[in-house]
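The values are calculated or read from the model by the stated rules, or taken from the named source; none is laboratory data. Please read these numbers as outputs of a predicted model, since none were measured by experiment. All Cβ positions, glycine included, derive from the backbone under ideal geometry; neighbour counts span all protein chains shown. Just the protein is used for accessible areas: all its heavy atoms, side chains included, with ligands, DNA and RNA removed. Shrake-Rupley method; radii C 1.70, N 1.55, O 1.52, S 1.80 Å.
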Amino acid sequence: MRAVVTGGAGFIGSNLVDALIERGDEVVVVDNFATGKRKHLSPKATLLEHDIREPYQADADVVFHLAAQADVQTSMTRPEYDAAVNVVGTVNVLQASPGAQVIFASSGGAGYGECPDPASEDAPFLPLSPYGIAKKCGEEYLLGWNRIHGTTHVPLRFANVYGPRQDAGLEGGVVAIFLERLARGDGTTIYGDGSQSRDFVYVDDVIAALLATVGKSGGPYNVGTGEDTTVAQLHAACAAVAGVDAQPRLEAARLGDVQRSVLDAALIERELGWRAQVPLDDGLRRTWAWMKSEPDSA
Ligand SMILES: NC(=O)c1ccc[n+]([C@@H]2O[C@H](COP(=O)([O-])OP(=O)(O)OC[C@H]3O[C@@H](n4cnc5c(N)ncnc54)[C@H](O)[C@@H]3O)[C@@H](O)[C@H]2O)c1
């Protein structure tokens, strides 16, 4: 298969590129290295160094559209930049590879808000940030293209993804932040009392979901574990994996942080046969092993 991976130098994208190459697929990466790293880019992929805010052409059977301005705070301060990358960029991606199926990385956390129960896809998707609005807009473009052009593009709504190559410098990567600080012997901070919880899904599971979507139609589909872990539990699990007895400092909760975010992934299991396989402890161990093998991993 000829695959285009936009954002293929990023955390999730570069892991996906490696998996595609391992399968023998032909891969073109479209990335401008806004946050992606050259060292994570497979030498076996062809690079189209390009900013998706501008039109381009790239022949493909399938496009995994992962390139994004993925930082919620940046979207608050620079909504026009966020929309240029995440909305206009998505339209350019749809136009760049006519005939290809586009699979789009949307975000469950950015859309469902507070989740008293695991959120299913029919829960109201009411974003509270320009980033979330742009993701919703991207989904609408894909689904609208399906109606207008008869395509089979599919949006996937990821939970909190973690694993090797996640950047501890970017907001959202709480696993990467905890593990990196514990590795350095630095103090760790929890904002709030630690009882807030998230659905942490390991990057290999997310890649399996992306691959399970190839050639299928439908969605949007949630991609999560269906289980939430409190930030305090996560910290304890990270400390255990790192083999240290560290207590986090507690600081005031951050404005806008929801108390509970967890996705119900029953639909994708029923329709595409995907379900998360990697338990949190196992995923943390693998992430820790990667971090130790790459001293300058961050
Ligand atoms: N990491 C998560 O927990 C999570 C959760 C929900 C959704 N997502 C989505 O998954 C996708 C991948 O996220 P990630 O965590 O790997 O982020 P990332 O920042 O590591 O990767 C994004 C990639 O997009 C590239 N990029 C940014 N702007 C670009 C532009 N204008 N032109 C071309 N390339 C550009 C970056 O250089 C980077 O390589 C994003 O769409 C993100 O919104 C991630």
Task: Positions within region 174-187 being within 15 Å of residue 254 (Cβ to Cβ) and open to solvent by less than 10 Å² (accessible area, probe 1.4 Å), in sequence order - done: none
Open item on the list: Can you tell me which condition residue 208 does not meet? The list is (1) in contact (Cβ under 8 Å) with a residue 12 or more places away in the chain; (2) part of a loop (DSSP other than H, G, I, E, B); (3) open to solvent by 40 Å² or more (accessible area, probe 1.4 Å); (4) not acidic (Asp, Glu), and all the others hold.
Closed with: (2)
Task: Subset of region 1-38 (residues that are outside any helix (DSSP H, G or I) and aliphatic (A, V, I, L, M)) - done: 1, 3, 4, 5, 9, 27, 28, 29, 30, 34
TODO: Could you pull out the residue among 241, 201, 206 that is in contact with a Leu (Cβ under 6 Å, 6 or more places away or on another chain) and β-branched (Val, Ile, Thr)?
DONE: 241
TODO: Those residues that are within 12 Å of the ligand (Cβ to nearest atom) and part of a loop (DSSP other than H, G, I, E, B), I need them from region 42-54; list them, please.
DONE: 50, 51, 52, 53, 54
- [ ] Test each condition in (1) open to solvent by 40 Å² or more (accessible area, probe 1.4 Å); (2) of a type in the set (Ser, Thr, Tyr); (3) within 9 Å of the ligand (Cβ to nearest atom) for residue 77 and report the one that comes out false.
- [x] (3)
Task: Selection from region 95-114 of residues that are in a helix (DSSP H, G or I) and open to solvent by less than 10 Å² (accessible area, probe 1.4 Å) - done: 96, 111
Task: Matching entry among 163, 224 (being within 23 Å of residue 137 (Cβ to Cβ), in contact (Cβ under 8 Å) with a residue 60 or more places away in the chain and open to solvent by less than 10 Å² (accessible area, probe 1.4 Å)) - done: 224
- [ ] Give the residue, chosen from 250, 170, that is part of a loop (DSSP other than H, G, I, E, B) and surrounded by fewer than 18 Cβ atoms within 10 Å (Cβ to Cβ).
- [x] 170
Open item on the list: Cβ-Cβ under 6 Å, sequence separation 6+ or interchain: first residue in region 20-31 and within 14 Å of the ligand (Cβ to nearest atom), partner at pLDDT 95 or above and open to solvent by 60 Å² or more (accessible area, probe 1.4 Å). Which pairs?
Closed with: 28/46; 29/47
Task: region 32-41, residues that are more than 8 Å from the ligand (Cβ to nearest atom) and crowded, with 20+ Cβ neighbours inside 10 Å - done: 41
Open item on the list: I'd like the full set of residues that are more than 10 Å from the ligand (Cβ to nearest atom), of a type in the set (A, V, I, L, M, F, W, C) and either without any contact (Cβ under 8 Å) to a residue 60 or more places away in the chain or open to solvent by 10 Å² or more (accessible area, probe 1.4 Å) (or both), limited to region 1-19.
Closed with: 1, 17, 19
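Residues checked against (1) closer than 20 Å to residue 258 by Cβ; (2) at pLDDT 95 or above; (3) within 13 Å of the ligand (Cβ to nearest atom):
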| position | (1), (2), (3) |
| --- | --- |
| 84 | no, yes, yes |
| 88 | no, yes, yes |
| 96 | no, yes, yes |
| 120 | yes, yes, no |
| 133 | yes, yes, yes |
Task: Hits in region 56-74 - residues which are more than 10 Å from the ligand (Cβ to nearest atom), open to solvent by less than 30 Å² (accessible area, probe 1.4 Å) and over 19 Å from the mean Cα position of the chain (by Cα) - done: 58, 60
TODO: Provide a single number: the residues in region 153-173 that are at pLDDT 95 or above and near the ligand (Cβ under 10 Å from one of its atoms).
DONE: 10
Task: Those residues of region 115-160 which are charged (D, E, K, R), in contact (Cβ under 8 Å) with a residue 40 or more places away in the chain and assigned to a helix (DSSP H, G or I), in sequence order - done: 135, 139
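Results for (1) touching a strand residue (DSSP E or B) at 6+ places or on another chain (Cβ under 6 Å); (2) free of Cβ contacts under 8 Å to residues at least 40 places away in the same chain, shown as yes or no for each residue.
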position: 43; (1), (2): no, yes
position: 54; (1), (2): no, yes
position: 57; (1), (2): no, no
position: 66; (1), (2): yes, no
position: 69; (1), (2): no, no
position: 72; (1), (2): no, no
position: 79; (1), (2): no, no
position: 82; (1), (2): no, no
position: 113; (1), (2): no, no
Task: Boolean, residue 278 is of a type in the set (A, V, I, L, M, F, W, C), surrounded by fewer than 17 Cβ atoms within 10 Å (Cβ to Cβ) and part of a loop (DSSP other than H, G, I, E, B) - done: no
